[in-house]
1. Taking the condition of being assigned to a strand (DSSP E or B) and surrounded by 13 or more Cβ atoms within 10 Å (Cβ to Cβ), how many residues in segment 109-143 meet it?
2. May I ask you to list pairs of residues, at least six apart or on different chains, whose Cβ atoms are under 6 Å apart, with the first in segment 248-274 being over 15 Å from GLU230 (Cα atoms) and the second being in a helix (DSSP H, G or I)?
3. Quick one: how many residues across segment 197-222 are in a helix (DSSP H, G or I) and open to solvent by 40 Å² or more (accessible area, probe 1.4 Å)?
4. Does any residue of segment 487-497 turn out to be among the hydrophobic types (A, V, I, L, M, F, W, C), modelled with pLDDT of 85 or more and closer than 28 Å to ASP423 by Cα?
5. Cβ-Cβ under 7 Å, sequence separation 6+ or interchain: first residue in segment 353-367 and polar (S, T, N, Q), partner open to solvent by 50 Å² or more (accessible area, probe 1.4 Å). Which pairs?
6. Would you check if SER372 is surrounded by fewer than 14 Cβ atoms within 10 Å (Cβ to Cβ) and not in a helix (DSSP H, G or I)?
7. Is there any pair with a first residue in segment 213-224 that is outside the structural domain of VAL185 (by the TED database) and farther than 19 Å from ILE203 by Cβ and a second that is open to solvent by less than 20 Å² (accessible area, probe 1.4 Å) and among the hydroxyl-bearing types (Ser, Thr, Tyr) whose Cβ atoms are under 8 Å apart and which are 6 or more apart or on different chains, and what are they?
8. Pairs under 6 Å by beta carbon, first residue in the same structural domain as TYR367 (by the TED database) in segment 334-347, partner among the charged types (D, E, K, R) and exposed (fewer than 15 other Cβ atoms within 10 Å of the Cβ), six or more apart or different chains?
Amino acid sequence: MPQSLGTQQDVASRHSFGSPARTNDSARTGSEAASILAALELTPGFLCLLRGPGHGIAWANEEFCRLAEEQGITDRPIAGFAFADPRLIERLDQAYATGLPFSLQEFRVDLRPEAGTSPEERFVDFAGRPLLDRDGRVEGIVLQGTDVTERVQAALALKASSDRADMILDLLDDGFVAFDEEFHVLRLNPAALKSDGREEHEIVGKTHWDAWPTSKGSFLEDVYRKCLTEQVQVCVERRYLGFGQDRWLELRICPVPGGIVSFFRDVTQRKKAEEALRASEERARALIEAVPHQVWEAGQDGRAEWFNGRFYDFTEVSVDDLEKGAWKDLIHPDDQEATAEAWKQALEHGTVFSSEFRLRRASDRTYRWFLSTGVPIHDADGKVIRWIGTNTDIHDQNVAAQELEAMNARLEERVVERTRERDRMWRLSTDLMIVIDSQGLVAAANPAWKALLDWDEADLLGASFTALLHPDDAEKVGGSTGECTGHLRYDNRIRHRDGSFRWISWTIAPDEGSIHAIGRDVTAEREAAQALLQAEEVLRQSQKMEAVGQLTGGIAHDFNNLLTGIIGSLDLIRTRIAQNRGDRIERYIEAAMSSAKRAASLTHRLLAFSRRQPLDPKPVDANMLIAAMAELLRRTTRETIRVKERFAKGLWLTHCDANQLENAVLNLVINARDAMPDGGRVVIATANLTVADAAAAAEHGVAAGDYVLLSVADDGAGMSRDVIEKAFEPFFTTKPMGQGTGLGLSMVYGFVKQSGGHVRITSELGRGTTVTIYLPRYLGDEHPPSERPGAAGEGRTTAGATLLVVEDEPVVRALVVEMLQDMGYRVLDAADGAEGLRILQTTKQIDLLLTDVGLPGLNGRQLADAARENRADLKVLFMTGYVENNLLKEGFLGPGMEVIPKPLAFDALVDKIEAMIRRA
């Protein structure tokens, strides 16, 4: 605060406002105060003394009165004037209450420059200082105002200028970064932030080297320091690899007061374009040098200006040498005039230049033919401005053309000679030759037609070729020759003049709308071939009868032995009964049953070979089946033979009869055992196999699809090729007499084929044998339902159920009915399908139908289908000793249907019936 105000404060502190002078001292003091106030009147700015809590104006200078826009404002509260807004009054109240000074910056007021003029906007800084009495209480406040309009306007103008600069920087496409003298980042414009990819707060305040670490110690740091120290502008291009980016930046670094600024723009695309242009130019240069031609360029006037390296390599002549007339030594003298004239015409008319001439090669001074071609280059107005051309070496082509011309002359002579030879062959050939036009008419025929078929050429010309054919061949030949597009071989019968026919083998070829054919008489060969076929058929029939004889002989031998055991045992039983001797009857019964069971087994083996045995196919896990047989297989072999299993992990299920598969494995292990009399090793292995294409199918001998493989391998004596070919034949065996029936492998073969699979034998003498069974993969439920546990052991709980037995053989029917009645079943019977159907169509209670498959008239399956029209849930059990082909088809056994083979085992039959009724 000015010193005058401090003086006023001292005066005010000692004298109350408005106190009259009562003494001479008082008068003197008042006079001094007046002098002070007069001095304060001269103080620049706005000044007033306020009194009391209402801030009444005790005194004000002229400037303050001008601010109030009135004179004589003493004793009026300051709040009553327009310039005193609530902010000023609030600060005055605070100062009066606290005794503390205050300031109010850039306070806006309206001030008239002169009386009667319009008010102007002005800015005033106010300062207030409380005046205290002798007791320290606030009596008033000195309020001083300073006009700071120029300062505020200057600041506003500076801010506006700065805002405009910021706006311009923000709108720039170029990036902008400002640094202080320590290279700290002060600010970045939006383009810089967008280019960098980071937020502003991640960069501002850091040094350049911290914000962009890759620039530390680089030439860019030297550039920045040079700009700051030398105060010079620097422009550089830099590849920027920071923060996962790869860009080229063009930087312009400028010194400014207090630091430097950097403007930059992304020139990556320009650099790529420049690099692409450079690479393109390099490729063009490389291409020009690589092409097997001499490339040249000439000016508007036709003077050569440039050649590629191939021209210099060939001629060893430079452009300067050509200017000096070297052309005359390069171009063959005989070609110079024509070449010069062609070049002159091209220059005069602006057309493409083309000329053939010989150029001399420098290395051996020989001439070679070249084709020179020049293309004019035009400007926008169509004026020729230069020429670009090539010289192509055509020497070899020209030489070849000359040789070709000479060869053509020689060929013409040969054609004449070959034509004479062809005519000679046409006349002398013993094969038929004929030309047939597009209408099927004979256009030419050689003399062999006369010699072979007694037809003159005059008889054939114009005749229809099909008229010469056997009626059975005419339609076939017409269609074949009409579609002939290449060489075709065909046999047909051609009519002789005497009406007989001869077999002719034709070779046919089309030729420009006609057909040429050569035919050879093969009548004798076809007759011989027919005779050979008849002989082969007789031989096959003979072999078939021999095989049948072998089969029936084996069957008769085995069955006679078995029948001897059965008949002999029955005779002894009858004799002992007549003698009233029953002590050994049980032994004879057992002997007869044993022979009968062996006969049944033999029958099953024969049916298995013929693939007609009744099967009970179910989902089977081959690994589990073989594992369950492990002990049996080891007991079957000798101690000197080691049996090893190799089970595939994740083995698929297969669909077959588990009992038959067990028999097959057992047979193969027994065969392996017998092949190793001195001991060895048997390996039983399983695997999955997918046969995906025809080649794989041919390799394995199966159709495409998924298979489960089961193999039995031994390291025994092995088998020869002849033995392998006969191994599956019934009764064929290599074992000594009495040690084998010859039906083991044939049974395996029949079972596997009946199950839709295949069997392969691989063997080598002295190395062992491997038999591999292919069984189709089961694609149904991975966990098929099993029969209820314990059903067979719970006793006959189905006694009293009603069964219908249909069997055309009276003895078998009577035995079955009697056995079932003995077990407590109610049994109805019928002799054929028709009688059985009549019973089924009644309302009688029938729990299960037991029927033979091969019934006369209505067979067993037809009977079951007819019965289920009225009895949808009827259980059906088929009996059969011989299975027709249709039973082998997948799906023959529908839901609730099962099959049991003959001869019937009584316990097995009752167990099967019990299980089926229980499931119902």
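The values are calculated or read from the model by the stated rules, or taken from the named source; none is laboratory data. As the structure is a computational prediction, the values presented were derived from the model and not from experiment. Quick reminder, even Gly has a Cβ in these numbers, built from the backbone with ideal geometry, and neighbours come from all protein chains shown. Heavy atoms of the whole protein, side chains included, go into the accessibility calculation; ligands, DNA and RNA do not. Shrake-Rupley method; radii C 1.70, N 1.55, O 1.52, S 1.80 Å.
1. 20
2. Listed by first residue and then by second, the contacts come to TRP248/THR268; TRP248/LYS271.
3. Here the count works out to 8.
4. yes
5. Within 7 Å, the pairs are SER355/ALA338.
6. no
7. Filtered contacts from segment 213-224: no entries.
8. Listed by first residue and then by second, the contacts come to nothing, as the list is empty.
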